[in-house]
Amino acid sequence: MKIVHIGPDSPFTQYLGNKFEQASPGSNIFIVLTQLSRAEHPIGGALNIATPPNGLGFLGSILPAANKADAIVAHGLSRPAAMLMGSMKNPVKIWSGWGFDYYGRDSNGGLALLAKVTAMYADEHNDTSSKFSVRRLLGRVDRRLKARAVASMDYFSAPIPADYDVMRSTYPEFSGEYLQLNYGDVATMFSAGVKADNGSNILVGNSASLTNNHEDLFIQLARCDLTGRKVIVPLSYGDPAYRDHVIKSGEHYFGRSFFPLVDFMPLAEYVGVISSCNVVLMGHKRQQALGNIGSAIYHGAHLYLDRECPTYSFLRSRGVGVSALDELGRVLPRGRQPDVDLERSRHALHDFWGEDVVMRNVEDCVSLIKKHRALLSGAASCN
């Protein structure tokens, strides 16, 4: 059996790739989209082919590897992934969505995903030059390319099932089925071997992207008593110009209490920072920052999400103690979630992101591919 994967050079792709290789050893080929000569996050045991994500020779460089594939798995529907999916006819096509690829816009998000103050910033800094016009034209071309690819998909996965409806609203062309794949589990992504400390810091957002709606959260948070607390804001990836704006805003609202994180950290160190926060605010109106959110839940933080975010309803439906941002009062909680609530929330995390659950999802996916392969082989022998 031959399963071809295409996705970014990322620890998330590496994690799920290793699960596929564990479920079906020697069957996996990874087309890793990178500007480097080799992948920084290779998948052990599988064939890793590093290839630039753009360029006229892209398809020619990967089609030989994808030839006679039984299945193609797109880890995020990038332009190269859509090109590959659209050019292949027979293999099972599985789109493992990441969020950026089915909310209809790039990582900065559309206006509907932005709160009032952040939307004003986006409007003021909107590039109306010819370069922006070319970018919008390329965006329309990408939309057609991806729509064609999505129409041929057999299966779709999202980080949480609630995002299936979001994808369908963006891509009504999809006529396949839903399956569940996960890019991490409780032990490796949420706990990382780190114990919660007794800190009372505050975590705001997860990246330097507009969909965090940082300044809207800052305005709300600035009304609270922050004595003895740090306001920690992760900004290690995303838009550099927006990152600088967030830093300037954070310093304005919080002064010495503001602590931006602009450098990448090892996972355990980063989870340690999250574990020092007993209050976590996420202003996304879309599913985003699940690693941060899951870690916050695991370590007993008081978590506040936007009511519009699918993650809010998803977590509450599973019994996780999460509050809405509009419920944030001027006096912030002290201490962690009560033990009984923490135990219930951790149980909910394990029910969806437990290592055995994650592995079973991959095994189910591989079984589907095998069934399709058997059906095609049977049809070919009959002809």
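The values are calculated or read from the model by the stated rules, or taken from the named source; none is laboratory data. Just so it is clear, the model here is predicted, and its values are computed rather than measured. Methodologically, a virtual Cβ is constructed for each residue, glycine included, from the backbone with ideal geometry; neighbour enumeration extends over all protein chains shown. Keep in mind that these areas ignore ligands, DNA and RNA; they rest on the heavy atoms of the full protein, side chains included. Shrake-Rupley method; radii C 1.70, N 1.55, O 1.52, S 1.80 Å.
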> Among rounded, prolate and oblate, which fits the chain when a ≥ b ≥ c are the square roots of the eigenvalues of its C-alpha gyration tensor, a/c under 1.5 means rounded, and a/b larger than b/c means prolate?
Replying inline: prolate
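Tally Lys and Arg at +1 and Asp and Glu at -1 over the other residues with C-beta under 10 Å from the C-beta of residue 99: what net charge comes out? Each step should come with its number before you reach the end.
Working: positive: 286; negative: 101, 163.
Its environment carries a net charge of -1.
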> Ignoring ligands, DNA and RNA, what percent of the 1.4 Å accessible area of region 160-282 is carbon and sulfur?
Replying inline: 53
> To the nearest 500 deg cm²/dmol, what mean residue ellipticity at 222 nm is calculated for the chain from DSSP H runs of n ≥ 4 alone, each contributing -39,500 (n - 2.57), summed and divided by the residues?
Replying inline: -13500 deg cm²/dmol
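Pull up the DSSP beta bridges for the chain and report the antiparallel fraction as a percent, rounded to 5. Mind showing how you got there, number by number?
Values: 0 of 43 bridges.
Roughly 0 percent of the DSSP beta bridges within the chain come out antiparallel.
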> Who wins for biggest fluctuation among 26, 184, 250 in a Gaussian network model of the chain, springs between alpha carbons below 10 Å?
Replying inline: 26
>> Suppose we keep just the alpha-carbon trace of region 272-331; what are its Rg and Dmax in angstrom?
In response: 10.7, 29
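Provide the per residue accessible area, probe 1.4 Å, for the chain, rounded to a whole number of square angstrom.
Numbers: 17780 Å² over 383 residues.
On a per-residue basis, 46 Å².
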> Whose amide H sits under 5 Å from the amide H of residue 287, counting only residues 5 or more places off or on another chain, with H placed in the peptide plane?
Replying inline: 311
> How much of the accessible area of region 301-383, in percent, comes from carbon and sulfur atoms when a 1.4 Å probe is used?
Replying inline: 50
>> Beyond a 28 Å Cα-Cα separation, which of these cross-linked pairs lie in this structure: 146/371; 116/195; 89/285; 19/285; 116/146?
In response: 116/195; 89/285; 19/285; 116/146
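Run through every distinct alpha carbon pair of region 332-372 and return the Kirkwood hydrodynamic radius in angstroms, one decimal place.
On the way: mean 1/r = 0.0797 Å⁻¹.
This gives a value of 12.6 Å.
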> Pick from 185, 163, 216: which residue has the top mean-square fluctuation in a GNM of the chain where Cα pairs under 10 Å get a spring?
Replying inline: 216
>> How many angstrom lie between the Cα centre of region 286-348 and the Cα centre of region 200-224?
In response: 15
> Across bins of 10 angstrom width beginning at 0, how are the C-alpha pair distances of region 289-378 distributed, in whole percent?
Replying inline: 15, 37, 23, 13, 9, 3, 0
> So what are the three principal axis dimensions of region 142-200 from its Cα atoms, in whole Å, longest to shortest?
Replying inline: 50, 22, 20
> Can you list residues whose amide H is under 5 Å from residue 28's amide H, if they're 5+ apart or on another chain and H is modeled 1.01 Å from N?
Replying inline: 3, 47
> Which percent of Cα pairs goes in each bin when the distances of region 35-85 are cut into 5 angstrom slices starting at zero?
Replying inline: 4, 17, 27, 32, 17, 3
> Which of 27, 242, 194 sits farthest toward the positive end of the charge dipole of the chain, with +1 on the Cβ of Lys and Arg and -1 on the Cβ of Asp and Glu?
Replying inline: 27
